[in-house]
Each structure stands twice: as structure tokens, then as C-alpha cells.
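Report on one structure; see the data block that follows.
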Amino acid sequence: MMRLLRHVHKIYVLLVTALCCLPFFPILYFLIKHPQKHYVAITSIRKWILKSVSFLSGIHFDVHYLQEIDWESSNYIFCANHSSIMDIFAMEHCIEQPFSFLGKDSLLHNPFTSMFFRSVDIPVNRSSKLSSYRAYKKCQELLREGRSLVVFPEGGIATENYPPILQAFKNGTFKMAIESQVPVVPIVIHDLWELCWDDAQLGTRPGVCHVEVLDPIPTSGLTMQDEESFKALVFSRMQERIIMFREHVTLA
């Protein structure tokens, strides 16, 4: 019965997503023709759609900031762990400035995400060196413009472990951060996998997801010789919060 209910809820989420998107298709069709000019409007519409879908689906986000984030005068690279297709919903709930996603190019074939990955977001095929290089250059350009970027440094969702564990990080994010001298903000999405794991292959269910936005880590003064140690620092801070959260839940 529980499995059936989860699959019914998954269908409901898809229907709600379609209904929330439908009124915006005409205006998005116009706006994405000039994504630079309408960047803020496009990202604002995406935020409204995703927050509306999560609210109507009964999936809520409890966000905790370890320190106050300067949303007005600084741009960031947000690094989040990745275990659910709905991690993008979590990002819209905890980031209070316009931003772009770096994500797999298969999202270009999704009716909803394609509108954004053809305009404000950056698609990448990690198995192609040329695609990875082009995506990297686009990310650098976006950061130079003072925009913020969301990256899932694990490079995808690993399905070998359930519950999921934090996978080794790819290097590109940290090389980019150092070269651009942009602070990195680690974000830990703790338990969204319990509501929707991977691409919702087990269905979805309502509930509360806990998210922690960690302290920004500056890159000023770092060089490429610091890349590995910087990557290890971000990984260790995220891993520490994951362990603390799961120990707390177990004890509770």
C-alpha cells in the first residue's frame, strides 16, 4: 500500500508541476530569446514555480543558516550534495539571489528544465571533454558577470548506496572557484532522499527536508596549488554535518 501511495504522489507532483508551469510558458518563450537581458525575470519565475510545486505537493524545506549570508554584494558558487532529482527545489528555498545551475545535458530534453537550460542554466556532458570545456568557460563567464552558480560536485547521483553517502568530488568546481576568486558556500541537503530518491524511481511522498547552508569559504589568495586541499576542506565540512545530522536522528 505504501509503495502504491508513493507512486500516486509522484503522479500528483508531475501534474502539479505541469499546472504551475503552464501559465508561464508564453512569457518564458518570449524571455528566453534574450536571456541576458531577462536573467532575473527568468530565474524568478523558476523560483516561483518550484516553490509552488513543493508547497502544493506537501514537500517542505526547513533551512538552517550557520551564519548570515551577504546576498546583496557578493556572488557565490554553491556546492550541494546530490541524491534526488528534487534537490533543485531545495536550492530555490535556501538561496536568496538569482543563480544558474550547472547540470547534465539530458535536462535539455525535459519539457520544464529545457527552458532554463537553454537560457540561464549551463548543460554539460561529463563524458565529453569538449562539452565539459565549453561548460567550464560558460561558468567562468557567468561568475565574471557577478552571477552565482549552483554545482553538485559529486558529478551526479550515485545509486549504489541507500541511504546515499557523500561521493568523491570532481575537481572542476574548485579550480573554477580559485581562478574566479569566488567564495564557495557548501549546502547539505540531509533527508530529501527519503521523500524522493534519485529520479523518483521509488515514488515520492510529502514531508519535511532539512537543509543546512554552511559558512562561505573564501578563495581570495588561493592558487591552483591549493586546489586539492580546498576541495578536501569543502568535502570534510559537508561530511561532518551529514554525520552529525544522522547521529542526531538516530539518537532521537
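Quick notes
- The convex hull built on the alpha-carbon positions of segment 191-252 has an orientation-averaged projected area of 6.2 nm².
- J(HN,Hα) series, segment 34-46, from Karplus relation 6.51 cos²θ - 1.76 cosθ + 1.60, nearest Hz, glycine and proline x: 9, x, 5, 5, 10, 3, 5, 5, 5, 5, 5, 5, 4
- Table column - 3J(HN,Hα) (Hz), segment 181-192, Karplus curve with 6.51, -1.76, 1.60, x for Gly and Pro: 6, 10, x, 9, 10, x, 10, 10, 9, 7, 9, 5
- Cut-off under 5 Å, modelled amide H: who pairs with Val185 long-range: Ile77, Phe78, Cys79, Ile217
- The distance from the alpha carbon centre of segment 125-159 to that of segment 181-244 is 16 Å, rounded to a whole number.
- Compactness ratio for the chain: Cα radius of gyration over 2.2 N^0.38 Å (N = residue count) comes to 0.99.
- Of the beta bridges in the chain, as assigned by DSSP with both residues counted there, near 15 percent are antiparallel.
- Peptides 136-145, 33-42 ranked from most to least packed, by the mean per-residue count of other Cβ atoms within 10 Å: 136-145, 33-42.
- Using θ = phi - 60° in the Karplus curve 6.51 cos²θ - 1.76 cosθ + 1.60, the 3J(HN,Hα) couplings for segment 159-176 round to 9, 6, 10, 9, x, x, 10, 6, 8, 4, 7, 6, 7, x, 4, 7, 5, 4 Hz; x is entered for Gly and Pro.
- Charge tally for Tyr39 (other residues, Cβ to Cβ under 12 Å; Lys, Arg +1; Asp, Glu -1): +1.
- Amide hydrogen proximity for Ser148: with H placed 1.01 Å from N in the peptide plane, the residues at 5 or more positions away or on another chain lying under 5 Å are Tyr76, Ser100.
- Proportion of all alpha-carbon pairs of segment 61-189 beyond 24 Å (%): 25
- Formal net charge of residues neighbouring Val188 (Cβ-Cβ distance under 13 Å; K, R +1; D, E -1): -4
- Under 13 Å from Lys138, Cα to Cα: aspartates and glutamates that are on another chain or at least 8 residues apart: Asp121
- Percentage, to the nearest whole number, of Cα pairs in segment 145-242 over 24 Å apart: 29
- Amide H within-cut-off set for Phe61, under 5 Å, with H built and near neighbours excluded: Cys209
None of the figures in this text is laboratory data; all of them are computed from the coordinates on show. Keep in mind that this is a model prediction, so the values were computed, not measured. Glycine gets a Cβ as well: all are built from the backbone with ideal geometry, and neighbour counts include every protein chain shown.
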